[in-house]
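I have a structure here, written as C-alpha cells, and I will follow up with some questions on it.
The values are calculated or read from the model by the stated rules, or taken from the named source; none is laboratory data. Note that the coordinates shown come from a computational prediction; the quantities given were computed from them, not determined experimentally. Glycine also receives a Cβ, built like all others from the backbone with ideal geometry; neighbour counts cover every protein chain displayed.
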Amino acid sequence: MSYIVATEGLTKRYGTRTVVEDLNLRIPEGCVYGFLGPNGSGKSTTMKMLLSLIQPTNGEVQVMGQPMTRATRRQLLAGIGSLIESPPGYAHLTGAENMRLIQRLLGLNQQQIDFAVHTVRLQDQMDKKVRNYSLGMKQRLGIALALARQPRLLILDEPTNGLDPAGIDEIRTLLRRLANDGVTVMVSSHLLGEIDKTAHMLGILSQGRMIFQGSRAELMTASAPDVIITCSDPRTAVAKLTSFNGRMTDAGEVAVPALDDRQTAGAIAGLVHEGIGIFGVRRDEQTLEDVFMHLTAGGGL
Amino acid sequence: MGAIHSEFLKLKRSLTWAIVILLPIALVISAAANTLASGEPLQNGWHTLWQRSIVFYGLFPLAIGIAILASLVWSVEHRGSNWNALMSGPTPSLRIVTAKAVVVGFLAAAMQPVMLVAILVMGKAVLGLPGMLPVQYFGISLLIMAACLPLAALQSALSMLMRSFAAPIAVGLVAAGISVAVLMLGGTAAIVSPYALVTRATQLGTGTFSDTGGVTAGDVTAILTAAVVLFAAVVTVSAAILDRRDTRI
C-alpha cells in the first residue's frame, strides 16, 4: 500500500514537556483518515509538523514520498491544502476578495476558484465581508481556500468545531465526496461521532502517543466487546464464570469480557453442562465512543 | 508578481490609506501653523517651508509613519490562523517577505507626493509665497521615496517578527532617535542605518544638520546605492529568518 503521509518516530518536545512522542503515522493514499484524541493530546502539533509549520524534535515526515523539511516544504505544500486550528480569512475583505487573493497568489484560474466555492456551497455568500460570516461560513471559506489549489492531500484540524449538526453533516458529506474524487483527507476531531462513519482509517492519540492506528473494524477487534449471555439461571452462571470475570448486568444477563470465539464456545459448553438453559449469546454492541474510552483508559489517562 | 498583486488586494478598506494621506498633511499644517503663529514671514520663502515640514518629517515622523504602515500591513497576518495559512502555502518565504516590503515601501513612498501637494497648496494658498517650490526639491522627493524602501523593509521585518502592533513602532522610534544622533555626530556614513538614510535624504540640499546645502552627484549616488543595497540585504535576511522560525503554538 502506498502512503501519502508516513512519519518515523515523530517527536516534539518543549523543554522537558513531550507533546508528541514517537509517532509512526501511516496515511494510505485516497482515504479519509480520522485523527482522534482528546483536546491537548497533540493532534494540532502533529498536523503542524506534517506541514513543516514547526520542526520535530526527533523523527521525520515523508509526504508524497519525499521528506518534508524546511527546504522542501514550499514545493510539497503546493499539493497540500490545510486548515489548522481556526479557519483563515481576511475579515476586512469579502469572501470573493479572499478567493481572488489566493487566485492571484497561486496563479489559479477562475474555474478552480468557482469549483472550490461551489464545493463548499458558499457561492451566495461571496459578497459579504468575512467579518460578518457565521463560524460555519468561515469554516467553509477556509476549506474553499484550501481546496482552490486542488490538493492531493487535505489536512483539516477540527473542521467541524463550532458547527451545528447540519453543518457537521455537510462537512462529512463533503469529505466523503472529496475522497471519492481521489483526494486524501486527514481530519482531526476530539469527538468520535463526528468522523465515526466518514473515516476509513483511524489514528487515536492520547497524551502525544498513538494508542491505535488501523481500520474501524480493526479498532473494534482490538478491544473485543463483552459476550452477553441470556440464560435460565444467571446467578449460577456468574458463579461458574468467575475465572473469566463474568458479571451480572442490570438487565439480568451475564457479561463476560475479553473472550475470543473459542473461549466463548468453551464457556457456553460449561454452562450447558451445568444444566443452565442458554437462551442467547451475542457480542455487546459497542460504539466507537466506548472503544475510545476503553483505549484511552488503557493508555494511562 | 502574484504575491505583490495579492498584497495590494489586501489593502482594500485598509487604514493604511488614511495614514498615507493624513500624516503628511498634518505635518505641513503644523509647519504652517508655527509660521503663522510666529507672525513673521518665512525668511527664505519656499526653502524655509520645505525645511520646517520635510526636514522635521525626516527626523522621526516619517520613521513612525512607516512603522505604523508596516504594523497595519502585517496585523492581518497575525490574526486568527492567517499565519498558518501563509506558512502552509507554496509561496516561498522570500517572495512573501519581498511582497510585503514592496507594499509597505509603496505606501511609504506614496506619502511623499501627498507631502509635495500639501506643501504647494500651503505655500501658495495659505502663506501666499511668491514663485514656485524650487525644482531641485522635486528631484529630492524622488530620492526620499527611494530612501523609504529599506526602512519599509526593515519595519516590515520587525512587524513580521513581533505579533504586537505597538512594539515595532516603539523600536522604530528609538532606532530613529539613535540614527539621527549618529548622523549628526558621525556624518553621512550613518546611512548604513535605514533610519539615518531617510533622515539624510530629507535633509539633502537644505544645509540643515549635517547637510552642506549643495546637492552633489556623490550625495545622490550614495543615497541611491544605500537604498538598493540595504533593501536587498534586509529582505534577504528577513526571509531567511522567516524560513527558520516555527509558527507559534
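Looking at B:ILE144, B:ILE119, which one is of a type in the set (Val, Ile, Thr), farther than 30 Å from B:TRP74 by Cβ and in contact with a helix residue (DSSP H, G or I) (Cβ under 8 Å, 6 or more places away or on another chain)? Write out each step before concluding.
Details: B:ILE144 fails: farther than 30 Å from B:TRP74 by Cβ.
Being of a type in the set (Val, Ile, Thr), farther than 30 Å from B:TRP74 by Cβ and in contact with a helix residue (DSSP H, G or I) (Cβ under 8 Å, 6 or more places away or on another chain) holds for just one of B:ILE144, B:ILE119, which is B:ILE119.
Let me ask something additional. From the list A:ASP169, A:ASP233, A:ASP226, A:ASP164, exactly one residue is surrounded by 19 or more Cβ atoms within 10 Å (Cβ to Cβ) and either of a type in the set (Lys, Arg) or over 10 Å from the mean Cα position of the chain (by Cα) (or both). Which is it? Lay out the reasoning, then the answer.
Values: A:ASP169 fails: surrounded by 19 or more Cβ atoms within 10 Å (Cβ to Cβ); A:ASP233 fails: surrounded by 19 or more Cβ atoms within 10 Å (Cβ to Cβ); A:ASP164 fails: surrounded by 19 or more Cβ atoms within 10 Å (Cβ to Cβ).
From the options A:ASP169, A:ASP233, A:ASP226, A:ASP164, the qualifying one is A:ASP226.
Looking at (1) modelled with pLDDT under 95; (2) within 14 Å of chain A (Cβ to nearest Cβ); (3) assigned to a helix (DSSP H, G or I), which is the one condition that is false for B:VAL103?
The one condition B:VAL103 does not meet is (1).
Among the numbered criteria (1) within 14 Å of another protein chain (Cβ to nearest Cβ); (2) of a type in the set (A, V, I, L, M); (3) surrounded by fewer than 19 Cβ atoms within 10 Å (Cβ to Cβ), which single criterion is violated by B:LEU22?
Going through (1) within 14 Å of another protein chain (Cβ to nearest Cβ); (2) of a type in the set (A, V, I, L, M); (3) surrounded by fewer than 19 Cβ atoms within 10 Å (Cβ to Cβ) one by one, B:LEU22 breaks only (1).
Take the conditions exposed (fewer than 15 other Cβ atoms within 10 Å of the Cβ), more than 18 Å from A:LYS129 (Cβ to Cβ) and within 14 Å of another protein chain (Cβ to nearest Cβ) and apply them to B:ALA37. Does it pass? Full working, then the answer.
Working: exposed (fewer than 15 other Cβ atoms within 10 Å of the Cβ): yes; more than 18 Å from A:LYS129 (Cβ to Cβ): yes; within 14 Å of another protein chain (Cβ to nearest Cβ): no.
In short, no.
So, in region A:131-150, how many residues would count as being at the interface with chain B (Cβ under 10 Å from one of its Cβ atoms) and either closer than 18 Å to A:VAL183 by Cα or more than 30 Å from the chain's Cα centre (by Cα) (or both)?
Residues that pass the stated criteria total 4.
Just the residues that are surrounded by fewer than 19 Cβ atoms within 10 Å (Cβ to Cβ) and either under 17 Å from the mean Cα position of the chain (by Cα) or among the hydrophobic types (A, V, I, L, M, F, W, C) (or both), please, taken from region A:151-161.
Taking region A:151-161 first, the residues surrounded by fewer than 19 Cβ atoms within 10 Å (Cβ to Cβ) are A:152, A:161.
Passing the criteria: only A:ASN161.
Further, regarding this structure: What are the residues in region B:1-43 that are polar (S, T, N, Q) and within 19 Å of B:SER71 (Cβ to Cβ), if any? Steps first, please.
So the first thing to find is which residues in region B:1-43 are polar (S, T, N, Q), and the list is B:6, B:14, B:16, B:30, B:34-35, B:38, B:43.
Correct list: B:SER14, B:THR16.
Considering B:LEU154, B:LEU242, which residue is of a type outside the set (D, E, K, R), within 14 Å of chain A (Cβ to nearest Cβ), assigned to a helix (DSSP H, G or I) and out of contact with any strand residue (DSSP E or B) (no Cβ under 7 Å at 6 or more places or on another chain)? Give the steps one after another, and end with the answer.
Values: B:LEU154 fails: within 14 Å of chain A (Cβ to nearest Cβ).
So the residue among B:LEU154, B:LEU242 that is of a type outside the set (D, E, K, R), within 14 Å of chain A (Cβ to nearest Cβ), assigned to a helix (DSSP H, G or I) and out of contact with any strand residue (DSSP E or B) (no Cβ under 7 Å at 6 or more places or on another chain) is B:LEU242.
Residue by residue, here is whether (1) within 14 Å of another protein chain (Cβ to nearest Cβ); (2) out of contact with any helix residue (DSSP H, G or I) (no Cβ under 7 Å at 6 or more places or on another chain); (3) part of a helix (DSSP H, G or I) holds:
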{"residue": "B:THR206", "(1), (2), (3)": "no, no, no"}
{"residue": "B:GLY214", "(1), (2), (3)": "no, yes, no"}
{"residue": "B:ALA222", "(1), (2), (3)": "no, no, yes"}
{"residue": "B:VAL229", "(1), (2), (3)": "no, yes, yes"}
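Would you kindly identify the helices (runs of 4 or more DSSP H) lying entirely within region A:70-130 that contain at least 2 residues that are surrounded by fewer than 16 Cβ atoms within 10 Å (Cβ to Cβ) and either within 13 Å of another protein chain (Cβ to nearest Cβ) or free of Cβ contacts under 8 Å to residues at least 40 places away in the same chain (or both)?
Values: elements: A:73-77, A:95-106, A:110-119.
Result: A:110-119.
If the requirement is being out of contact with any Leu (no Cβ under 8 Å at 6 or more places or on another chain) and free of Cβ contacts under 8 Å to residues at least 12 places away in the same chain, which of these qualifies: B:VAL76, B:VAL102, B:VAL117? Before you say what the answer is, go through the steps one by one.
Working: B:VAL76 fails: free of Cβ contacts under 8 Å to residues at least 12 places away in the same chain; B:VAL102 fails: free of Cβ contacts under 8 Å to residues at least 12 places away in the same chain.
Residue meeting the stated conditions: B:VAL117.
Let me ask something else about it. Name the pairs whose Cβ atoms lie under 9 Å apart, with the first residue in region B:200-215 and at positive phi, the second among the aliphatic types (A, V, I, L, M) and in a loop (DSSP other than H, G, I, E, B), and 6 or more positions between them or separate chains?
The qualifying pairs are B:GLY205/B:VAL215.
Here is a yes/no grid of residues against (1) away from chain A (no Cβ under 12 Å); (2) more than 22 Å from B:ILE169 (Cβ to Cβ); (3) surrounded by fewer than 24 Cβ atoms within 10 Å (Cβ to Cβ):
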{"residue": "B:THR48", "(1), (2), (3)": "yes, yes, yes"}
{"residue": "B:PHE60", "(1), (2), (3)": "yes, no, yes"}
{"residue": "B:ALA63", "(1), (2), (3)": "yes, no, no"}
{"residue": "B:ILE66", "(1), (2), (3)": "yes, no, no"}
{"residue": "B:SER71", "(1), (2), (3)": "yes, no, no"}
{"residue": "B:SER75", "(1), (2), (3)": "no, no, yes"}
{"residue": "B:ARG79", "(1), (2), (3)": "no, no, yes"}
{"residue": "B:TRP83", "(1), (2), (3)": "no, no, yes"}
{"residue": "B:MET87", "(1), (2), (3)": "no, yes, no"}
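Of everything in region A:42-58 that's in contact with a helix residue (DSSP H, G or I) (Cβ under 9 Å, 6 or more places away or on another chain) and either outside any loop (DSSP other than H, G, I, E, B) or more than 10 Å from chain B (Cβ to nearest Cβ) (or both), which residue is surrounded by the most Cβ atoms within 10 Å (Cβ to Cβ)?
First pass over region A:42-58, keeping only residues in contact with a helix residue (DSSP H, G or I) (Cβ under 9 Å, 6 or more places away or on another chain): A:48, A:51-56.
Pick out the ones that are also either outside any loop (DSSP other than H, G, I, E, B) or more than 10 Å from chain B (Cβ to nearest Cβ) (or both) and you get A:48, A:56.
On the way: A:LYS48: 26, A:PRO56: 24.
That would be A:LYS48.
Oh, and also: Show me the strands (runs of 3 or more DSSP E) found entirely inside region A:175-240 where at least 1 residues are in the same structural domain as A:ILE268 (by TED's automatic domain parsing) and touching a residue at least 24 places away in the same chain (Cβ under 8 Å).
It comes to A:227-231.
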